[in-house]
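Before any comments, here is the structure.
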Amino acid sequence: MTGLRERGVGYAFVLPAVITLVLLLLYPFGYGIYVSFFKTNLISKWNFVGLENYADVVVEPEFWTSMRITLIFTVCVVIGHFVLGFLFAVMLNREMKGRAIFRAILLLPWLFPEVVVANLWKWIFNPSMGFLNSSLVSAGVLEEPMSWLGSPKYALAVVIFVCIWKGYPLVMIQLLAGLQTVSRDIIEAAIIDGATAWQTFWRVTLPAMKSTITVTLILDVVWWFKHVTMIWLLTQGGPNGATNTISVDIYKRAFSFFEFGPSSAIAVIVFLICVAISLIQRRMLRDD
């Protein structure tokens, strides 16, 4: 009887978290899948169409164009995060004066809200009174101001740059935590055996961080593959669709054109792609 009572108390403590997960995660997720099988306005019109929404969106050229832009965006952003993250993590892992101050400064981009970051960079790239244009024109690099976010040629590169700047601190902190779990004895043994700094890093440190790198890579890829906020705030998918990633396309279909069924179908497809990406990465980077 005492064991049953203790078990009941445990369930009572867990119950609020379970209810929260159901209301905030499982119900919206299930409802989104349900909506994807209908032509609906979410109020009075509910025409069941089965898999028609899925069949329609996958044959649209716009869907594959958005997917291509999404892949370019995700690959570039994740590579940028890992390059900067590794460089700064290795730097912060060394003993040096003011390390805590540098760590706090390097974390700032992640701490700022995305709205603040987007508006800050929109001002910097502003074609008429932005800091970047005025500096480049004054230095003679540009003859006249350039509309960076308004150019189909440069808009995606600018958005990628801003998202790298915004997101690298999280990767940096995770990699730094992985570096600090590597045994110092193993590194010293490699140095004594004649390994160079690069050989030690490549042959000892990286394999020891394999689990950390796997988790960080999966989280970063999935997060930025489905990311919408920064892109929407900077360009809203423009100009001329140059930054129209798949998540921006979902948002516009649902809340600009009120195509809730097709947008939900694309969202389910994106979810399945994210699951596939995580499974593939776990298989490729799993421990032997």
Checklist entry - Looking only at the stretch 52-68, which residues are touching a residue at least 60 places away in the same chain (Cβ under 8 Å) and open to solvent by 80 Å² or more (accessible area, probe 1.4 Å)? => result 62
Next on the checklist: Suppose the filter is open to solvent by less than 30 Å² (accessible area, probe 1.4 Å) and among the hydroxyl-bearing types (Ser, Thr, Tyr); does residue 229 pass it?
Outcome noted: no
Next on the checklist: Considering only the stretch 234-244, I want to know if a residue exists there that is under 21 Å from residue 165 (Cα atoms), β-branched (Val, Ile, Thr) and more than 16 Å from the chain's Cα centre (by Cα).
Outcome noted: yes
Checklist entry - When residues of the stretch 94-136 are filtered for being assigned to a loop (DSSP other than H, G, I, E, B), open to solvent by less than 90 Å² (accessible area, probe 1.4 Å) and under 30 Å from residue 177 (Cα atoms), how many remain? => result 4
Checklist entry - Since residue 87 meets every condition but one in (1) farther than 20 Å from residue 222 by Cβ; (2) under 19 Å from the mean Cα position of the chain (by Cα); (3) surrounded by fewer than 16 Cβ atoms within 10 Å (Cβ to Cβ); (4) not basic (Lys, Arg), which condition does it not meet? => result (2)
Item to check | So residue 248, is it open to solvent by 30 Å² or more (accessible area, probe 1.4 Å) and in contact with a Phe, Trp or Tyr (Cβ under 8 Å, 6 or more places away or on another chain) | outcome: no
Checklist entry - Does residue 27 satisfy the criteria of being loosely packed, with under 13 Cβ neighbours inside 10 Å and over 24 Å from the mean Cα position of the chain (by Cα)? => result no
Checklist outcome for this item: So, first residue farther than 16 Å from residue 209 by Cβ in the stretch 69-98, second residue in a loop (DSSP other than H, G, I, E, B) and open to solvent by less than 10 Å² (accessible area, probe 1.4 Å), Cβ within less than 8 Å, six or more apart or across chains; the pairs are 69/243; 69/245; 70/245; 73/243; 73/245
Checklist entry - Among (1) open to solvent by 20 Å² or more (accessible area, probe 1.4 Å); (2) modelled with pLDDT of 90 or more; (3) farther than 19 Å from residue 87 by Cβ; (4) part of a helix (DSSP H, G or I), where does residue 149 come up short? => result (4)
Checklist entry - Looking at residue 14, is it open to solvent by 60 Å² or more (accessible area, probe 1.4 Å) and part of a helix (DSSP H, G or I)? => result yes
Item to check | In the stretch 35-51, the residues that are in contact (Cβ under 8 Å) with a residue 12 or more places away in the chain, on the phi < 0 side of the Ramachandran plot and open to solvent by 50 Å² or more (accessible area, probe 1.4 Å) | outcome: 37, 39, 41, 51
Checklist entry - Can residue 221 be described as within 30 Å of residue 114 (Cβ to Cβ), in a helix (DSSP H, G or I) and open to solvent by 50 Å² or more (accessible area, probe 1.4 Å)? => result no
Item to check | Residue that is surrounded by the fewest Cβ atoms within 10 Å (Cβ to Cβ) [pool: residues in the stretch 251-280 that are part of a helix (DSSP H, G or I) and of a type outside the set (A, V, I, L, M, F, W, C)] | outcome: 278
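Conditions tested, residue by residue: (1) over 14 Å from residue 90 (Cβ atoms); (2) open to solvent by less than 60 Å² (accessible area, probe 1.4 Å); (3) small (Gly, Ala, Ser); (4) out of contact with any Pro (no Cβ under 8 Å at 6 or more places or on another chain).
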site	(1), (2), (3), (4)
168	no, yes, no, no
171	no, yes, no, yes
179	no, yes, no, yes
182	no, yes, no, yes
185	yes, no, no, yes
189	yes, yes, yes, yes
203	yes, no, no, yes
Item to check | Candidates 134, 183, 151, filtered to the one that is more than 28 Å from residue 112 (Cβ to Cβ) and over 15 Å from the mean Cα position of the chain (by Cα) | outcome: 183
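The values are calculated or read from the model by the stated rules, or taken from the named source; none is laboratory data. Every value quoted in this text rests on a predicted model; they were computed, and no experiment measured them. In this analysis, Cβ positions are derived from the backbone assuming ideal geometry, glycine residues included, and neighbour counts consider all displayed protein chains. Areas reflect the complete protein model, heavy atoms only, side chains present, ligands, DNA and RNA absent. Shrake-Rupley method; radii C 1.70, N 1.55, O 1.52, S 1.80 Å.
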